[in-house]
Amino acid sequence: LVVFGNGLIQLLDMLKRSGDMPDIVFVQASFGFEMLLGLLPQSVPVIGYFELWYPDSITKAVGADARRTMSAVHTNAIQAVLADRSAICVTPSRYQRSQFPLNIRKKMFVLHEGIDTDYFKPKAPTNQATRKLITFVSTGLEPGKCFIQFIEIVCLVMQQRSDVDVEIVGNDVVL
């Protein structure tokens, strides 16, 4: 993470010195690099992209896993800073938007992501017996993306059914 942060600092410094600042910056809330947006002039608008706000049940849990609680508090703090710096905040669903505090929701828009299901659709059914497919697609195969719960559920399903295939797409590196 230090390498990425250092690279971002160098890039922003180079842009400042050249006078060639971006017209707009689109940033996904992630690991804290957003904190470096303070190096940009305030005249450069920022659009923040947000996916998950951890609820109080996790951030204020007594006797909970300290590492998970600290990670949730850290993530929310980063998102709060990015939301404050952002001219516009976007999230992919109404449900995700509803999880954020009101002060962030006020400037948050839903921008659905996903697949054009008019173009990408299943092939017409055949007469062959079809297997069921369970998929997991994520940028990271990590607890924060519910990968552990997915594996536990898949194990239960596969113990009960023999007609199930599983496909997992993602990166096995946690940043």
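Beta-bridge orientation, the chain: approximately 0 percent antiparallel, per DSSP, counting only bridges with both partners inside.
Packing, as the average of other Cβ atoms within 10 Å across residues, places the peptides 160-169, 77-86, 100-109 in the order 77-86, 100-109, 160-169, highest first.
Largest mean-square fluctuation among Gly38, Gly114, Gly144, in a Gaussian network model of the chain whose springs join Cα atoms under 10 Å apart, belongs to Gly114.
Each Lys or Arg adds one and each Asp or Glu subtracts one; over the other residues with Cβ under 11 Å from the Cβ of Glu51, this totals +1. Annotation: aspartates and glutamates with alpha-carbon distance below 17 angstrom to Lys132 (same-chain offsets under eight excluded): Asp163, Asp165, Glu167.
If you plug the beta carbon distance of Arg131 and Asn171 into 1/(1 + (r/R0)^6) with R0 = 30 Å, you get a FRET efficiency near 0.70.
Could you work out the local net charge near Arg97, counting Lys and Arg as +1, Asp and Glu as -1, over the other residues with Cβ closer than 14 Å to its Cβ? Counting the neighbours of Arg97, the net charge comes to +2.
What is the local net charge at Val154, summed over the other residues whose Cβ is closer than 15 Å to its Cβ (Lys, Arg +1; Asp, Glu -1)? Taking every Cβ under 15 Å from that of Val154, the sum is 0. If the segment from His74 to Gln160 were pulled out straight at 0.36 nm per residue, it would be longer than the present Cα-Cα gap by 27.0 nm. Label sites at Glu51 and Ser93, each approximated as a point 7 angstrom past Cα along Cα to Cβ, lie 1.2 nm apart. If I fit a long axis through the Cα atoms of helix 2-18 and take the longest principal axis of the Cα atoms of the chain, what angle between them do I get, 0 to 90°, rounded to 10? That works out to roughly 40 degrees.
Ligands, DNA and RNA left out, the 1.4 Å accessible surface of the chain is 59% carbon and sulfur atoms. Applying 1/(1 + (r/R0)^6) with r as the Cβ-Cβ distance of Lys123 and Val44 and R0 = 45 angstrom yields a FRET efficiency of 0.45.
Nearest 500 deg cm²/dmol is fine: what mean residue ellipticity at 222 nm does the chain get from its DSSP H runs of n ≥ 4 alone, each adding -39,500 (n - 2.57), divided by its residue count?
-11000 deg cm²/dmol
Return the label of the correct value of mean projected area of the Cα convex hull in nm², as calculated from the structure shown, out of (i) 14.4; (ii) 17.9; (iii) 15.0. Of the listed options (i) 14.4; (ii) 17.9; (iii) 15.0, (i) comes from this structure. Coupling constants for the range 158-166 follow from the phi torsions by the Karplus curve (6.51 cos²θ - 1.76 cosθ + 1.60, θ = phi - 60°), and in residue order they are 5, 5, 9, 9, 9, 9, 10, 10, 10 Hz; glycine and proline get x.
The values are calculated or read from the model by the stated rules, or taken from the named source; none is laboratory data. Values in this document were obtained by computation on a predicted structure and should not be read as measured data. We place every Cβ from the backbone using ideal geometry, glycine too, and count neighbours over all the protein chains shown. Each accessible area value is taken on the protein alone, full model and side chains, heavy atoms only, with ligands, DNA and RNA left out. Shrake-Rupley method; radii C 1.70, N 1.55, O 1.52, S 1.80 Å.
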